[in-house]
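The values are calculated or read from the model by the stated rules, or taken from the named source; none is laboratory data. Since the structure is predicted, the reported quantities are computational estimates derived from the model, not experimental observations. Here the Cβ is made from the backbone with ideal geometry for all residues, glycine too, and neighbour counts use every protein chain on show.
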Amino acid sequence: MQAARLHEYTDDMSEALSIDEVDRPTATGPSDVIVEVEGAGWCQTDNHIIEGMWTEYVEQDLPMTLGHENAGIVAEVGEDVTTVSEGDPVICHPVQTCGTCRPCRLGEDMYCENSQFNGLTTDGGFAEFLHTSDRAVIPLPEGVDPTDIAPHADAGITAYHAAKKAVHELNPGDTAVVIGVGGLGHIGLQCLRAMSAADIVAVDLKQSARDLASDLGADETIDPETEDVASVVEEFSGGVGSQQTLDFVGRDQTTALAPDITAAGGDHHIIGYGGHIHEPAQGLVFGEFSFRGTLVGQYTELQELVALVDRGDVTLHTERHELGDVNTVAERLEHGEIDGRAVITPP
Ligand SMILES: [Zn+2]
Ligand SMILES: [Zn+2]
């Protein structure tokens, strides 16, 4: 089968991955599930993996097939699998968990002590077939297209996970700020809208992204190039500030907004990454605000997100590309030229 593989870390996205002919995976283990990939979302994290940014955090054996936002049709199952069978449409949580360690028993899939992560530590879905397990697949409701929903496997679940944490802390009338209305941000905004009665302010450099934010229910939008974000948030919130900020950008300029826009006791959630946080400890003490990290989300949260999608509360803006176009997609994402989410559709 064909697979888009990373052979060498590089900053040059035009030669990021190569299309190789590799063996098709088979269900050799009792809980294995082989999925024929219908759609695999291209993520900023793929660019970061290609750049070698994850080598400090996880072990990677190259060459490796990238692609962690996968959905498709079950092609083969191991002998113990009872939850899905051949022909079922599924979305794949990117992590295959063991099910027996303490984090697994707490439902904290991301903290599993014996996990594999498609496209990060093991082969992913930029290929005709994906090897995963029964603990990772979620059957799709009738009428939900695997190609359309694929990016929810990471982009969606990550945005949902952050939004759910924020919603726990948001009361009606509070202010929530969404920074960056791109692939993840436009999902996070819809999750906030669906699950809270907070007033939402969206911040983005691009007019098209601000328009999208307004369409999706943002109450106010800010162009950080021409407006002072802190002043607008202060005025909008009646001087209180943002109780919960979802930072889908995570660059130095956006993390630096936290002391100026966060309400006392509020949180600045870091979802996008690439930059640093440089704040005086005293600033966090005085405002009693927190920076909180976000790493994908739980299997059960992906189920909840599928329910929101099925209800029509969350829609995804996608564009489709063939497997051979991966490097063009990587380059375009690097230059901020993709609105919403690019989905790779293997043959
Ligand atoms: Zn991703
Ligand atoms: Zn585990």
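Do we find a residue being away from ligand 1 (no atom under 14 Å from the Cβ), assigned by TED's automatic domain parsing to the domain that holds Arg341, part of a loop (DSSP other than H, G, I, E, B) and out of contact with any Cys (no Cβ under 9 Å at 6 or more places or on another chain) anywhere in region 36-46?
Among the residues of region 36-46, not one is away from ligand 1 (no atom under 14 Å from the Cβ), assigned by TED's automatic domain parsing to the domain that holds Arg341, part of a loop (DSSP other than H, G, I, E, B) and out of contact with any Cys (no Cβ under 9 Å at 6 or more places or on another chain), which makes the answer no.
So, in region 107-124, how many residues would count as being within 10 Å of ligand 2 (Cβ to nearest atom) and either closer than 17 Å to Gly29 by Cα or part of a loop (DSSP other than H, G, I, E, B) (or both)?
5
Across region 61-71, which residue is nearest to Asp145 (Cα to Cα) among those that are among the aliphatic types (A, V, I, L, M) and surrounded by 17 or more Cβ atoms within 10 Å (Cβ to Cβ)?
Ala71
Need pairs with beta-carbon distance below 6 Å; first residue hydroxyl-bearing (Ser, Thr, Tyr) and within region 80-107, second near ligand 2 (Cβ under 8 Å from one of its atoms); sequence gap 6+ or separate chains.
These pairs meet every condition: Thr97/Cys104; Thr97/Asp109; Thr97/Cys112; Thr97/Ser115.
Among the helices (runs of 4 or more DSSP H) confined wholly to region 247-314, which include 1 or more residues that are in contact (Cβ under 8 Å) with a residue 40 or more places away in the chain?
252-255, 258-261, 299-311
Can you tell me which residue in region 240-298 is surrounded by the most Cβ atoms within 10 Å (Cβ to Cβ), limited to those that are of a type in the set (Gly, Ala, Ser) and in contact with a Lys or Arg (Cβ under 9 Å, 6 or more places away or on another chain)? Lay out the reasoning, then the answer.
Within region 240-298, the first condition is being of a type in the set (Gly, Ala, Ser), and the residues that meet it are 241-242, 250, 256, 258, 263-266, 272, 274-275, 281, 283, 287, 290, 293, 297.
Now drop any that are not in contact with a Lys or Arg (Cβ under 9 Å, 6 or more places away or on another chain), which leaves 272, 274-275, 297.
Values: Gly272: 23, Gly274: 13, Gly275: 16, Gly297: 25.
Taking the candidates together, the pick is Gly297.
Of the residues in region 319-347, how many are among the charged types (D, E, K, R) and either within 17 Å of Glu15 (Cα to Cα) or buried (at least 19 other Cβ atoms within 10 Å of the Cβ) (or both)?
So the answer is 6.
So which of Ser214, Ser208 ends up being part of a helix (DSSP H, G or I), within 18 Å of Glu337 (Cα to Cα) and not assigned by TED's automatic domain parsing to the domain that holds Gly336?
Step by step, each of Ser214, Ser208 is checked, and only Ser208 is part of a helix (DSSP H, G or I), within 18 Å of Glu337 (Cα to Cα) and not assigned by TED's automatic domain parsing to the domain that holds Gly336.
How do the pairs read when you match residues in region 32-43 that are in contact (Cβ under 8 Å) with a residue 40 or more places away in the chain and over 22 Å from Gly78 (Cβ atoms) with residues anywhere that are away from ligand 1 (no atom under 13 Å from the Cβ) and of a type in the set (S, T, N, Q), using Cβ under 6 Å and keeping only pairs 6 or more apart or on different chains?
Listed by first residue and then by second, the contacts come to Gly39/Thr147; Gly39/Thr345.
Which ones in region 134-171 are of a type in the set (Asp, Glu) and in contact with a helix residue (DSSP H, G or I) (Cβ under 8 Å, 6 or more places away or on another chain)?
The answer is Asp154, and nothing else.
Among Val81, Val90, Val74, Val58, which is assigned to a loop (DSSP other than H, G, I, E, B) and surrounded by 16 or more Cβ atoms within 10 Å (Cβ to Cβ)?
Result of the check over Val81, Val90, Val74, Val58: Val81.
If I ask for residues that are away from ligand 2 (no atom under 16 Å from the Cβ), among the small types (Gly, Ala, Ser) and within 29 Å of Gly99 (Cβ to Cβ), which ones from region 11-62 would you list?
Selection gives Ala27, Gly39, Ala40, Gly41.
Considering only residues that are within 16 Å of ligand 2 (Cβ to nearest atom) and in contact with a Cys (Cβ under 9 Å, 6 or more places away or on another chain), look in region 128-177 and name the one that is farthest from Val326 (Cα to Cα).
Applying the filter and picking the extreme gives Arg135.
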